[in-house]
Amino acid sequence: MKNVIKKAWPLVVAAVLAVALLIFYGVTLSGGNNLGITEENLADGATVYGSAGAGMAFDSGRMTAWNVSEKGAEAVVDFGQEREINALLLNETGYNVKQFSVYYENGGEWELCYRQCEIGVDRLATFYPVTTKKIKVVIDDFKNTVRISDIAVYNLQAREINDFRVSTYIRPEHIGQGLIDPDCFDIVTDVQFIAYGNFDPEGNVVPVEGADKALKGLKDMIGKRDVSITVTVFPVREGATMADVYRDHMDNAVQSIVNLVEELDVDGADFDWEYPHGSEEWALYSEFIVRLGEELHKTGKELSIALSPWGVNLSQEAIDSIDQLQLMSYDMFDYKGDNNSYSGAAACAAEYFISCGFAPGQLNLGISFYGRPDDGSGVWVNYRDENYTQDEYIMYQNGVWFNTVTTVRDKTAYAALRGLGGIMIFSQDEDLPVSDPLSLTAQIGKAIDMFVKEA
């Protein structure tokens, strides 16, 4: 899942690619709200004052906007009465905001309820519900003059979604090391048991040493909880290419995985080929997916595939054969060259796969539990490292870009509102214990409680 070569791109190259983010993905985020929000915009008719200008309305239909040229500029939205709110949807012309904050009035004092690093297009900002007459948006830092075209305020309700997934990757070597908190399985619904084995040049699955013992340990840890397990098979390591295996040993490769799933008594197979190149390899991969899906589905098993959001060229038949697409959105940088952002690692990535022909319900939006350094190196840092998990808001800590409890809540809310199938975690060993206030897994669970209910 973590491709060191991919991660080792020089940051300057990543930044150049990210500047052209919408072109790079081949999709455009609409300023008209892809999220299908139908709740009342509580900012309609509100009075806006402060740095925004007295009485100014944030109404893109009337082409009014808030131009910011000083750090600390603020806009106060006065509803005129007490309102319960839990989200803002903001739109910026361009991508110039580097940090913004949201405050709400409580007993005559301003209290912080949200802070993040970017706005851009259709920026969803979620927080625990507050009841207030006023909110204040502050532009803490920016690159160039900022133009905010719209601030919408909502009290978003939970969406009716059956079987919203929380899928996580766990490696065999992490079982029994104390790195996996058993309480995470009160939130997790699906486990991808990664690196169980690899194909050999003839298409046989060769388990890694200790994988079977680790799988038993995983099942014991899950206990009676309703958690599905799929085993992840990696491509051939030496002696052939994956294209060679598909070209010469397709039947054996398919049957080897089907037999493995049955022998291990698990719920399906997950496959991660990083990455097919050229039309022939994509055609071979499509054929493999179709044939493997057919065989797994005969016995009620599932097929999961991991992909990054660029250059995907699967046939529609292959796409339709996939039960879960593990969306490796965390492989992407945003327009500033930052990793794990809302725009680059959530909205644009999901819209890309939908434009490729995937149904939203197939997609598990990937959230990394590791950090990417800003020096362009190919290393990553665990979120649970105490040097990096001291802030619930800001993504950038000690030279590393991380998801925080705030970005995780936003991305989970986005997945629910957009009708995605769920969330994918990479990887579970990198989180804090679920009981920790800064646990990302726990925050996913809390966000689901806020934004998802069973239909």
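The values are calculated or read from the model by the stated rules, or taken from the named source; none is laboratory data. Keep in mind the model is a prediction, meaning the values are calculated, not measured. Please note: Cβ atoms are built from the backbone with ideal geometry, for glycine as well, and neighbour counts cover all protein chains shown.
Looking only at the range 131-157, filter to residues that are of a type in the set (S, T, N, Q) and in a strand (DSSP E or B); which one of those is nearest to E70 (Cα to Cα)?
S149
The residues of the range 239-255 that are outside any helix (DSSP H, G or I) and closer than 21 Å to A306 by Cα amount to a single one, T241. Of all residues assigned to the range 148-165, at least one qualifies as being closer than 30 Å to L35 by Cβ, modelled with pLDDT under 95 and among the small types (G, A, S). Only a single item in (1) over 30 Å from W273 (Cβ atoms); (2) buried (at least 21 other Cβ atoms within 10 Å of the Cβ) is not met by E160, and it is number (2). Among strands (runs of 3 or more DSSP E) entirely within the range 32-101, having at least 1 residues that are of a type in the set (S, T, N, Q) and modelled with pLDDT of 95 or more singles out 73-92.
Considering only residues that are of a type in the set (K, R), part of a helix (DSSP H, G or I) and buried (at least 17 other Cβ atoms within 10 Å of the Cβ), which ones fall in the range 261-313?
Here is the first cut: in the range 261-313, the residues of a type in the set (K, R) are 291, 298, 301.
Still in the list and also part of a helix (DSSP H, G or I): 291, 298.
The answer is R291, and nothing else.
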